[in-house]
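Below is the structure I would like to discuss, written out as structure tokens.
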Amino acid sequence: MADLRPRRPWHQHFETVGSITAIVVGVAALFVSFDQSRVMREEIRASIWPALQVDGFASLEDEVLAIGLNVENAGVGPALIQRVTIRHEGTLVNDLDELLALMPPDADVSRMTLTGRVLAAGASARAFELRYPAQETDDALDVLGGLLAGWSTEVCYCSTLDQCWVAGSDRSSPSMVERCDDQPAGSF
């Protein structure tokens, strides 16, 4: 026997409306959760971002001319230095001995290996420093200007989240790279 009661439209079925509402709320909650986790990952990355600055220096103090390379972490997180590349007129300088051969003789040398070093936020390190007895005609700015003309330096480093950047002596902003072991490095 056929049911003669009139059928109610779908929107009058409480169970159907409740189920659709629950699905919509669930999808919205999933989207909000996904968006919040993305924002939190970006906040974490920003809170530990290292930013290395690579600078040549020259100073004249107490009749001693000091020239060298300084690396400073101006970021907010530690930097693991993976690779240091120094080039003179486009040619890779492999080690300190090659570097010294390109510099004026008779230098008093101090050196610190940067590759593999963790540089804390706000810390700096001198890769090398060459000290010479100053001549009366030496001007630290002229010496630095002459040295910077033919030299370039790149330091590739990573954060604790394995994000990597390359900073150079050209004073541009560090650029993000996939990894640091793509190019040759000197032993600095």
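Given Ala58, Ala121, Ala125, which one is in a loop (DSSP other than H, G, I, E, B) and either in contact (Cβ under 8 Å) with a residue 12 or more places away in the chain or in the same structural domain as Gln163 (by TED's automatic domain parsing) (or both)?
The conditions single out Ala121.
List the number of the failed condition for Thr113; all other conditions in (1) surrounded by fewer than 15 Cβ atoms within 10 Å (Cβ to Cβ); (2) not in a loop (DSSP other than H, G, I, E, B) hold.
(2)
Here are some conditions: (1) surrounded by 15 or more Cβ atoms within 10 Å (Cβ to Cβ); (2) under 24 Å from the mean Cα position of the chain (by Cα); (3) not basic (Lys, Arg). Ser124 meets all but one. Which one does it not meet?
That leaves (1) as the condition not met.
The values are calculated or read from the model by the stated rules, or taken from the named source; none is laboratory data. Being a predicted model, the structure only gives us computed values, none of them experimental. Virtual Cβ from ideal backbone geometry, glycine too; neighbours counted across all protein chains shown.
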